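Structure record follows, encoded as structure tokens.
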Amino acid sequence: MKFIKSLFILTIAGIMTVDAQQKSLTLDDLIPGGKTYNQFQPERIKSPAFWADRFVFRQGDSIMSRNAAGSLIKQPVITLGKLNEALQADQKKTLKGLPAFTFSTDSKKPYAVFYNDNFILTYDFATNKIVKAIPYAQGDTAFDFNPDDTFVAVNNGNKLFIIDSEGKRTEVSTDDPGDIVWGQSVHRNEFGINKGTYWSPKGNLLAFYRMDETMVRDYPLVNVGARQGEVVNTKYPMAGMTSHEVTVGVFDPATGKTVYLQTEGPKDHYLTNIAWTPDQSRILLAELNREQNHMDLNVYDVKTGKKLKTLFSESSDKYVEPENPAMFIPGNDDRFVWMSEKDGYKHLYLYDMEGNQIRQLTSGEWVVKDIVRIDKKGEYIYYLSNETSPIEQHLYKVSVKDGKRTKLTAEPGVHYPRLNASATTFVDQYSAIDVPSKAVLVNTSNGKTNTLLESANPYQEYAMPEISVGTIKAADGVSDLYYRLTTPVDFDPNKKYPVIVYLYNGPHSQMITNSWQAAIRGWDIYMAQKGYVMFTIDGRGTDFRGRDFEQAIHKQVGVEEGKDQMKGIEFLKTLPYVDADRIGIHGWSYGGFMTTNMLLTYPETFKVGVAGGPVMDWKLYEVMYGERYMGNPETNPEGYETSCMLDKAQNLQGRLLLIHGDMDPVVVMQHSLNFLRKSVEVGVYPDFFVYPGHEHNVRGNDRVHLHEKITRYFDDYLK
């Protein structure tokens, strides 16, 4: 087997004194929710935003700004003291600290919007006055303002309301909200859907999702925090079962009337990626069949709800997954950009409103991750991609006219740029394996930069492990797989060390990036302090490597990913300091499934495993995700059988700890309980731990307890 040399090697703390090397980090230092966790995070620009073309950010109790050249404006934009003066004058509750602001995009309108004491407040910081106060009700969430801030849509329970600038409240939802959800994210947040309301370009019409779940069976969760346990029902359509039905409505605040789009086909299809045309006369809707192997991009008339035409279709023998709505080119109502994987990698395409492809704007064996902005003149599209490296993210612009691409971020790493309204300037916060965090202000026309912040290494005084990143070949013999290898503090190459493989290896994931410390988890650092080698690899099935790389797992989850994880094990066994008799494995959710899968499929390899929130039987997982990757249980019985951990329970040889939150609405605890029942039946002995009151992830300070629990299990049975 040929292994490729490591790409990066990092000794995080660099040169340290002998005394400093004695200092160790605790789980409270390293785990989110820990008491001292925030003290060990690289310093970053706080609350970065743009007010028109000026960059604004929080500094202490003030909002400061920089001009396009990067120069700091000495006069604060906002101070807490001035803000409280304005609140007192308007007889509103004062604040102990600055709130989160949304700034106007017009330099002639110096105002910021924030929330305080059940009011949406508009603050004119030039005159130091509260100029608008819109009341909202307790329980309101998901505040969605229209473009000119004259209306805001809000959810309250399953209901949908709009509030005008005078505070008048109008209910959009009309029927019993018990099992019908209005104006919220649908299809369990798949297909890039993360909200349920969509204002028209002029802001006088509101498109929204209406989800009918009356036909979906209730799934009972039990709240044991009550004196007598209380049933908390959730709607959970499992693979192959009856799913919910979604419609799209358009509400007109002026008339109080709603028009519904007259979609065709089975009612359990998927309505995704809502986009308004610039003249707001039509809506574009990407519609998928339940099998998720065919998509139509359809156009609807807003006034009548009638379907006007299908612009184009995309089909696959596996699945099609649209995640980005059409984006129209400013100044040209007939041209829009569409993101698609139809050539094998996610790229940008220019279409007209007749459905004709004008040109493919980007191409290559790399992916466009997201569109950041289209400039006001409609000349350039600014987007994020991994063209430079599969483990990096950079900002580019592409010419709409001829497809010429320009890279705008220079330094290696993972970049998170924020552009101003005119796309003439952006603030780039980024990190790399040896760069904790750096922020620069960049001029998009000439590339000139101004450094705003360069963070110090927060671990400088601590004894740290060495991290290396490299590649090996996948089981297909073709694909390169990226790995992260962490060796123990005070590493001795002549010793033998136990190894823990931490994995996820599911769709829409990437564990290895050229970001700070190679995106290592704090728990990995903690375990390296305790003398473990830590290893993670992104096998086939993970994201940002193209369609075929991700879809290799289709209808047989756990199979190809397992083969790739075993290639990682082969690599580990070539390292003289790895103790091949002491290999453990740990993961959560899909990683919990993979942990159990590896223990039961390769029992001779793994001695200890800890599986958190694991999927044990894909027939029990939800419709949208489960059927995309596994198909229907009736049409793919072999795949479901192969991926069912209950059918492999008898293979358990090592130690296995299952951990589950008893209120988990994502991977319901039935998975773990069924596996335990099967274990009793076949005579194997896994261990089990429950976090009462927690959902799919254990959060807050209990997360520290979780990682101590996991650590003790490996210390007891692997170390």
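When Y351, Y300 are screened for being outside the structural domain of T263 (by TED's automatic domain parsing) and not in a loop (DSSP other than H, G, I, E, B), only Y351 passes. Regarding G229, is this residue surrounded by fewer than 21 Cβ atoms within 10 Å (Cβ to Cβ) and on the phi > 0 side of the Ramachandran plot? Spelling it out, it is not the case that G229 is surrounded by fewer than 21 Cβ atoms within 10 Å (Cβ to Cβ) and on the phi > 0 side of the Ramachandran plot. Residues in the stretch 597-624 that are among the charged types (D, E, K, R) and either part of a loop (DSSP other than H, G, I, E, B) or more than 30 Å from R217 (Cα to Cα) (or both): E604, K607, D617. Please work out if V302 is crowded, with 18+ Cβ neighbours inside 10 Å, modelled with pLDDT of 95 or more, over 18 Å from M624 (Cα atoms) and of a type in the set (A, V, I, L, M, F, W, C). Yes, satisfied. Every listed requirement among (1) in a loop (DSSP other than H, G, I, E, B); (2) of a type in the set (D, E); (3) touching a strand residue (DSSP E or B) at 6+ places or on another chain (Cβ under 9 Å) is met by E365 save one, (3). Screening the stretch 336-348 for residues that are free of Cβ contacts under 8 Å to residues at least 40 places away in the same chain and not in a loop (DSSP other than H, G, I, E, B) and picking the one that is farthest from D480 (Cα to Cα) gives M339. When we screen S243, S200, S281 for residues that are within 30 Å of S315 (Cα to Cα), of a type in the set (S, T, N, Q) and in contact with a Phe, Trp or Tyr (Cβ under 7 Å, 6 or more places away or on another chain), the only hit is S200. Among the residues of the stretch 463-501, those that are part of a strand (DSSP E or B) and aromatic (F, W, Y) comprise Y482, Y483, Y497. Scanning the stretch 35-65 for residues that are closer than 23 Å to P465 by Cα, surrounded by 15 or more Cβ atoms within 10 Å (Cβ to Cβ) and out of contact with any Phe, Trp or Tyr (no Cβ under 9 Å at 6 or more places or on another chain) yields a count of 1.
Residues in the stretch 672-681 that are among the hydrophobic types (A, V, I, L, M, F, W, C) and surrounded by 14 or more Cβ atoms within 10 Å (Cβ to Cβ) were compared, and the one that is farthest from A649 (Cα to Cα) is L673. Just to be sure, is V113 in contact (Cβ under 8 Å) with a residue 12 or more places away in the chain and surrounded by 19 or more Cβ atoms within 10 Å (Cβ to Cβ)? Criteria met by V113.
Would you call F714 closer than 22 Å to G33 by Cβ, in a helix (DSSP H, G or I) and among the hydrophobic types (A, V, I, L, M, F, W, C)? So F714 passes the test. Flag: R699 does not match the condition of being surrounded by fewer than 17 Cβ atoms within 10 Å (Cβ to Cβ) and without any contact (Cβ under 8 Å) to a residue 24 or more places away in the chain. Please count how many residues of the stretch 649-678 are of a type outside the set (V, I, T) and in contact with a His (Cβ under 8 Å, 6 or more places away or on another chain). Going through the stretch 649-678 one residue at a time, the tally reaches 9. Of all residues in the stretch 494-544, those satisfying the criterion of being closer than 23 Å to K23 by Cβ and either among the aromatic types (F, W, Y) or at pLDDT below 95 (or both) are Y497, W516, W523, Y526, Y532. Evaluation of N356 against the conditions (1) surrounded by fewer than 20 Cβ atoms within 10 Å (Cβ to Cβ); (2) over 20 Å from E314 (Cα atoms) shows that the sole unmet condition is (2). The set of residues in the stretch 137-149 that are on the phi > 0 side of the Ramachandran plot and modelled with pLDDT under 95 contains only D149. Quick check, is A153 surrounded by 18 or more Cβ atoms within 10 Å (Cβ to Cβ), touching a residue at least 24 places away in the same chain (Cβ under 8 Å) and closer than 26 Å to S173 by Cα? Judged against the criteria, A153 is a match.
Of the listed requirements (1) of a type outside the set (A, V, I, L, M, F, W, C); (2) more than 18 Å from P147 (Cβ to Cβ); (3) surrounded by fewer than 20 Cβ atoms within 10 Å (Cβ to Cβ), K202 misses just one: (2).
Inspect all residues belonging to the stretch 103-114 and state whether any of them is modelled with pLDDT of 95 or more and polar (S, T, N, Q). No: the stretch 103-114 contains no residue that is modelled with pLDDT of 95 or more and polar (S, T, N, Q).
Screening L87, L80, L30 for residues that are at pLDDT 95 or above, surrounded by 16 or more Cβ atoms within 10 Å (Cβ to Cβ) and within 21 Å of E466 (Cα to Cα) leaves exactly one candidate, L30. The set of residues from the stretch 400-424 being among the hydroxyl-bearing types (S, T, Y) and either at pLDDT below 95 or more than 20 Å from I45 (Cα to Cα) (or both) comprises T406, S422, T424. Looking only at residues that are surrounded by fewer than 21 Cβ atoms within 10 Å (Cβ to Cβ) and closer than 30 Å to Y621 by Cα in the stretch 160-183, which one is modelled with the highest pLDDT? Step by step, filter the stretch 160-183, then rank; the result is I180. Within the stretch 624-641, residues that are under 16 Å from Q551 (Cα atoms) reach no partner that is among the β-branched types (V, I, T) and in a helix (DSSP H, G or I) with beta carbons closer than 6 Å at six or more positions or on different chains.
Taking the stretch 33-77 as the range and being assigned to a loop (DSSP other than H, G, I, E, B), at pLDDT 95 or above and out of contact with any helix residue (DSSP H, G or I) (no Cβ under 8 Å at 6 or more places or on another chain) as the test, the residues that pass are Q41, E43, R44, I45, G60.
Of the candidates E641, E708, E627, the single residue that is in contact with a helix residue (DSSP H, G or I) (Cβ under 8 Å, 6 or more places away or on another chain), within 28 Å of V216 (Cα to Cα) and part of a helix (DSSP H, G or I) is E641. Checking V131, V152 one by one, the residue that is modelled with pLDDT of 95 or more, in a strand (DSSP E or B), farther than 28 Å from I45 by Cα and under 29 Å from the mean Cα position of the chain (by Cα) is V152 and no other. Which one is surrounded by the most Cβ atoms within 10 Å (Cβ to Cβ), of the residues in the stretch 314-330 that are over 22 Å from V186 (Cβ atoms) and among the hydroxyl-bearing types (S, T, Y)? Applying the filter and picking the extreme gives S316. In the set N443, N420, only one residue is surrounded by fewer than 19 Cβ atoms within 10 Å (Cβ to Cβ), touching a residue at least 40 places away in the same chain (Cβ under 8 Å) and in the same structural domain as I381 (by TED's automatic domain parsing); that residue is N443. Against the conditions (1) at pLDDT 95 or above; (2) not in a loop (DSSP other than H, G, I, E, B), K96 satisfies every one except (2).
The values are calculated or read from the model by the stated rules, or taken from the named source; none is laboratory data. The shown structure was predicted, so the numbers you read here are calculated from the model rather than taken from an experiment. Here Cβ is always computed from backbone atoms with ideal geometry, including for glycine, and neighbour counts include all displayed protein chains.
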